[in-house]
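Below is one structure, written out as structure tokens, with a few remarks after it.
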Amino acid sequence: MKKMLCFALAALLCCAAWPGAARAEGAGAPQTPQAPIESAVSLNLNAVSATLIEAETGRAIFAHNAAQRRPVASITKIMTILLTLEAIEAQEVSLDDQVLCSKRAAGMGGSQALLDGDQYYRLEELLKATIVASANDAAVALAEHIAGAEELFVQRMNRRAAELGLADTRYLNCTGLPAEGHYTTAADIAQLSRRLDAHPLYYKYSTIWMDTVTHKGGRVTDLTNTNRLVRFYENCDGYKTGSTNEAGYCVSATAKRGNLRLIAVVLGSTGSQARFDAARAMLDYGFTNYQLAQVANARDRLGMAVAVRRGAQESVQAVVGQSLALLLKKGEEKGLRMEAALPERVDAPVRAGDLLGEVRVMLGDSEVARLPAVAGEDVPLPGFLEGLLRILTGWRL
């Protein structure tokens, strides 16, 4: 036998300050839906493919040809940057490393920091130049320093893509310079981009509008952020641009307002400003119409107790086993409710965190997530004297 409890979430949502979005993790976590929330949004985007997602849950709000494999030019460097940040955190490399810029790296075409071949630069300077100015020479120098050769670094890029489930991504270089068979998709870029949010160091550089690189001998290269939205769109703080004849004009851009971070990816636009206009339109649409609702926090009390047979106390309080945030249209939170399914009783001993049952999160008549309901406290077996007393007086079942 199980007992059920249904209760509205309005009070919980009003009381919660909706702090930094938390997604459900572990057993019972809802899976990110493959289909976007909205099948059609009239935004008149100048793009071959595009998508808008919420960063914490990875949920797509809107998509247009988002699974189409395409060249994406320097947006490739999002993976180069991510692997560099991960190598720093793993202490494989350091921001203070002196990195040799090979003649091969210095000779990269396209956007550059005009690095000198066979000269040393601090790794931090190269990372900054890659993030801010999309410098191909700096990106290759980083790849050679981390992996020993760009080809070996590209192997890392493809392994990491596979680990992240980016099934429609294949890298042949670390820069995005044209190469037959080098491709990704708007959907994969969006999912990759959100990984940068786990690395606060990234935002130290991505929000720079203008800076410089000083070379040996005093020569200076000016750096200007290629992502104009960092300066001209409210709360935009990162990601990458790219453009080649093959790829067209591309951008992956992010902005955060309150606890809601959105990512807009635009591929194959016909002009530089057009890609920014498309990204702006998607971000505006998302912030106007959506919110990230903190539905539950781990250890929230469910207001229910489960009887404990032969325990040191008669019952154990049930709590939510993990946190959950949902991307919702504004106003939809009024239709949220929880249904908890718990057993009538459990046997002692019970430990805090032991699985008791489940909590179903409902939006109207649809189930949108399931969470574990767990014990909120320990309930041990009774001590010797208490146990003896119970035996003498008749053990209560």
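The values are calculated or read from the model by the stated rules, or taken from the named source; none is laboratory data. Predicted model only: the values in this text are computed from it and were never measured. No Cβ is skipped: glycine too gets one built from the backbone with ideal geometry, and neighbour counts run over all protein chains shown.
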Check your understanding: Of the residues that sit in region 299-321 and are at pLDDT below 95 and in contact with a Pro (Cβ under 8 Å, 6 or more places away or on another chain), which one is surrounded by the most Cβ atoms within 10 Å (Cβ to Cβ)?
Key -> Gly311
Exercise for review: Report the residue count in region 320-343 for those that are over 26 Å from Leu260 (Cα atoms) and of a type in the set (A, V, I, L, M, F, W, C).
Suggested key: 3
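Conditions (1) more than 30 Å from Leu229 (Cβ to Cβ); (2) assigned to a loop (DSSP other than H, G, I, E, B); (3) not assigned by TED's automatic domain parsing to the domain that holds Glu151, marked per residue:
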{"site": "Leu100", "(1), (2), (3)": "yes, no, no"}
{"site": "Met108", "(1), (2), (3)": "no, yes, no"}
{"site": "Ala113", "(1), (2), (3)": "no, yes, no"}
{"site": "Ala129", "(1), (2), (3)": "no, no, no"}
Check your understanding: Considering only residues of region 360-397 that are in a helix (DSSP H, G or I) and not aliphatic (A, V, I, L, M), which is modelled with the lowest pLDDT?
Key -> Gly387
Point to revise | strands (runs of 3 or more DSSP E) contained in region 250-349 and holding at least 1 residues of a type in the set (A, V, I, L, M) and more than 21 Å from the chain's Cα centre (by Cα) | key: 301-309, 315-320, 336-343, 345-347
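Condition check ((1) touching a His at 6+ places or on another chain (Cβ under 9 Å); (2) farther than 29 Å from Asn65 by Cα; (3) among the small types (Gly, Ala, Ser)) across all residues:
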residue: Ser269; (1), (2), (3): no, no, yes
residue: Ala274; (1), (2), (3): no, no, yes
residue: Ala281; (1), (2), (3): no, no, yes
residue: Asp284; (1), (2), (3): no, no, no
residue: Tyr290; (1), (2), (3): no, no, no
residue: Arg301; (1), (2), (3): no, yes, no
residue: Met304; (1), (2), (3): no, yes, no
residue: Leu326; (1), (2), (3): no, no, no
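Taking the options Leu177, Leu172, Leu196, Leu223, name whichever one is in contact with a helix residue (DSSP H, G or I) (Cβ under 6 Å, 6 or more places away or on another chain) and not in a helix (DSSP H, G or I).
Only one candidate qualifies: Leu223.
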Check your understanding: Is it the case that some residue within region 219-230 is in contact (Cβ under 8 Å) with a residue 60 or more places away in the chain, farther than 26 Å from Arg122 by Cα and hydrophobic (A, V, I, L, M, F, W, C)?
Key -> no
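Let me confirm something: among Tyr203, Tyr239, which residue is among the aromatic types (Phe, Trp, Tyr), in contact with a Leu (Cβ under 9 Å, 6 or more places away or on another chain) and surrounded by fewer than 21 Cβ atoms within 10 Å (Cβ to Cβ)?
Tyr203
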Study note, to complete from the structure: Cβ pairs under 7 Å, 6+ apart or interchain, first in region 51-76 and under 16 Å from Ala279 (Cβ atoms), second acidic (Asp, Glu), ordered by first then second residue, are Ala55/Asp197; Ile61/Glu38; Ile61/Glu54; Phe62/Glu38
Practice item. Please specify each residue of region 333-355 satisfying the condition of being touching a Leu at 6+ places or on another chain (Cβ under 8 Å) and either closer than 11 Å to Leu292 by Cα or without any contact (Cβ under 8 Å) to a residue 24 or more places away in the chain (or both). Key: Glu333
Check your understanding: Here is a list of conditions, (1) farther than 29 Å from Met282 by Cα; (2) out of contact with any Lys or Arg (no Cβ under 9 Å at 6 or more places or on another chain); (3) surrounded by fewer than 23 Cβ atoms within 10 Å (Cβ to Cβ), and Ala147 meets all of them except one; can you say which number that is?
Key -> (2)
